[in-house]
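> Have a look at this one before I ask anything.
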Amino acid sequence: LNVTEEKFVLDTLAGCTEYKSILDVVVNAFYVQDGRYCPISERNLYIVICYLATFQLEDIGLQHFSRIVKSLDTAKMQKFLRFFFNDLYLNTWIKDEWSHFYDSVYVKENWIDPLLRWQPKVQQLIEKLTDKLSNCTNTVKTSRVTQPKEFNLTVPKPRAIPLPPPAPLPVLAKSQPVPPSIYKPPKERKQLEEIKAKNIQKAKVIQVSYVSAKVAHFFLNTLAVQGTILTGREIDPFLPQYLEVVWESVLTQYVKELTKQPQDLIQIDNIPIKLNTAAILREGALYQRKLEEELKRIENLQQGAGDPSEFLEWQKQMRGKDLEEQLAEIECRRLQGKLSHEEAVLAHQNVFQENKKKADLLREEKAELMDLYAEKRLQEQKEMKELVEQVTEGHKNVKQVKAKIQEYKQQIVQQVCEESEELLRQALEEEEEKNRKRYELIQEIRAIESIPSIKHKFVDLTETGGHGLFGEMSIVELRERLALLKEAQKAAEEEKRDQIIHEKQTKEQLLLDKLDQISQFRAELGRAAALKQEEKKKSQSGERPMKDERILNLQKKIVEKTMERKKQEGLL
């Protein structure tokens, strides 16, 4: 850059930095209203144009300013200048916003009034930019349109009628993944397996002892009988009694093991199970439902309710009838589907025959059209020959016409050059006069700007802004209100915390009540099971004496028979 251009660039940069606050007001408002779709990267461009229009328009002149504007994007500059040089905006909110930074009288006299004076001329520049945009949009380059010609393609074969697409398969909703705890065996199962193994082992031991006792009893009896037969001696009278004592001891041991076995086993029903909140509520609801069902059943019995077997039989018959009707309906639908398939096949064949007839008609029409086209082509060739002969005759007179046109164009160019020289001279004189006035005005503005101004502003926090708004308050009052709001918010949080604690305590109390109810139900069920077990034991103990008395009676009869046999042998 040369010295003048460098000075202009530096002055513009310094001015944009110094008056950044008031320039940002205009540019921010432009982005909010008219420039919503303009990129933010062009913000500095609008700041520079706003600075030149506000502070440098008197120095550089409208012509130089117009050249700068025209060198940029036409649509963007037209939109920004139309927004900035709006009379209503300059006299209302732009003036008020600038008055927040500088004195309102200074703003009006030095910035707003000059902009309003330049507004008519800038409006002409905006109209030129608008015309340029409209011309750019209206002038469309006309090009020669290509006339399409039909291709001599082979006629495709008629396609078969596509069958309707199959119904889409229903898409199942994505299920939740199976938790890993499902694949792990529970601890209770392992305990049950250990208990089962212990019980099986005890049962085997008892069975072996019982079998061995029976074998020993049989072996001793057999040995005694064989000894008597072989030796011819009588059996020791105490040997049968000894065998009976051994046999009774084995049986008592076996009975003790049987009676001892249920006490040694671990009760499966008493395995501890960890209960959470959901399990407690679920089990409580189960017991409550059972209690209500039992009460309802008792009430129905008191009111004379009958046996529902007849109703269940009737319900079974009706369900069978409904099932038969559904099967009949399904069979009907299947047959209807088969019938519709057959009808579709027949319709397809009919359409194929009709298409074949249409194709034959089209071939005949095509042959007739080809004959007509051949005759028309011959006629066009004859016309083209006649046209070529006429054009060759017209080319002979072209040279004379070209010479006359050349002379006419030279006269027009000479007149235009003379008029342009006169206009240029007048424009130079007007430009010199404007530059002289502008230089005088710049000197006056610089003299005014050299006067120092006080820019410091003292702030009192206890005073309001004085804008005349409802609910206006000072900074001190605002802080006090914020403190009160924080205290109220803290009190609300404490109240909510107490409420949550109270709800939690009530929930815990409800769970404790449910646990008490569950324990009562379990105790009652355990007591009922124990009573059943005792009744079973009593019935078994009642049967055992009977079995034992019968055995004793049989043993006595055996002894009596043996004694009788011995007496008879002694007599013999």
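> Go through the residues of region 10-17 one by one and say whether even a single one is part of a helix (DSSP H, G or I), more than 25 Å from HIS100 (Cα to Cα) and at pLDDT 85 or above.
Checked against the condition, which is being part of a helix (DSSP H, G or I), more than 25 Å from HIS100 (Cα to Cα) and at pLDDT 85 or above, region 10-17 yields at least one hit.
> Give me the residue from region 17-31 that is within 45 Å of the chain's Cα centre (by Cα) and not small (Gly, Ala, Ser) and, out of that set, surrounded by the most Cβ atoms within 10 Å (Cβ to Cβ).
Applying the filter and picking the extreme gives VAL26.
> Scan region 70-92 residue by residue and report those that are β-branched (Val, Ile, Thr) and open to solvent by less than 50 Å² (accessible area, probe 1.4 Å).
Scanning region 70-92 gives a single hit, THR74.
> Additional query: If you go through region 508-518 one residue at a time, do you hit one that is in a helix (DSSP H, G or I) and touching a Ser or Thr at 6+ places or on another chain (Cβ under 9 Å)?
First pass over region 508-518, keeping only residues in a helix (DSSP H, G or I): 508-518.
Filter once more, keeping what is touching a Ser or Thr at 6+ places or on another chain (Cβ under 9 Å): 511.
Taking every residue of region 508-518 in turn, at least one turns out to be in a helix (DSSP H, G or I) and touching a Ser or Thr at 6+ places or on another chain (Cβ under 9 Å).
> Check region 390-403 and report whether any residue there is at pLDDT 85 or above and either open to solvent by less than 100 Å² (accessible area, probe 1.4 Å) or over 30 Å from GLU150 (Cα atoms) (or both).
First, pick out the residues of region 390-403 that are at pLDDT 85 or above: none.
Scanning region 390-403, I find no residue that is at pLDDT 85 or above and either open to solvent by less than 100 Å² (accessible area, probe 1.4 Å) or over 30 Å from GLU150 (Cα atoms) (or both), so the answer is no.
> Filter region 149-183 for residues that are modelled with pLDDT of 80 or more and either more than 30 Å from ASP360 (Cα to Cα) or of a type in the set (Lys, Arg) (or both) and give the result.
LYS149, LYS157, GLN176, PRO177, VAL178, PRO179, PRO180, TYR183
> Only one of GLU310, GLU331 is surrounded by fewer than 10 Cβ atoms within 10 Å (Cβ to Cβ), modelled with pLDDT under 80 and assigned to a helix (DSSP H, G or I). Can you tell me which?
The conditions single out GLU310.
> So, restricting to helices (runs of 4 or more DSSP H) that lie completely within region 65-180, which ones have at least 1 residues that are more than 30 Å from LEU52 (Cα to Cα) and touching a residue at least 24 places away in the same chain (Cβ under 8 Å)?
none
> Evaluate the following for GLU58: is it open to solvent by 10 Å² or more (accessible area, probe 1.4 Å), modelled with pLDDT of 85 or more and part of a helix (DSSP H, G or I)?
Spelling it out, it is not the case that GLU58 is open to solvent by 10 Å² or more (accessible area, probe 1.4 Å), modelled with pLDDT of 85 or more and part of a helix (DSSP H, G or I).
> Any residue at all in region 373-383 that's open to solvent by less than 100 Å² (accessible area, probe 1.4 Å) and among the charged types (D, E, K, R)?
Yes, that holds for at least one residue.
> Scan ALA529, ALA492 and give me the residue that is part of a helix (DSSP H, G or I), surrounded by 10 or more Cβ atoms within 10 Å (Cβ to Cβ) and over 42 Å from the mean Cα position of the chain (by Cα).
Residue meeting the stated conditions: ALA529.
> Here is a further query. Can ILE442 be described as under 30 Å from ASP59 (Cβ atoms) and in a loop (DSSP other than H, G, I, E, B)?
no
The values are calculated or read from the model by the stated rules, or taken from the named source; none is laboratory data. As the structure is a prediction and not an experimental result, all values here were calculated from the model. Don't worry about glycine lacking a Cβ; one is built from the backbone with ideal geometry, like all the others, and counts go over all protein chains shown. All accessible areas refer to the heavy atoms of the entire protein, side chains included, with ligands and DNA or RNA removed. Shrake-Rupley method; radii C 1.70, N 1.55, O 1.52, S 1.80 Å.
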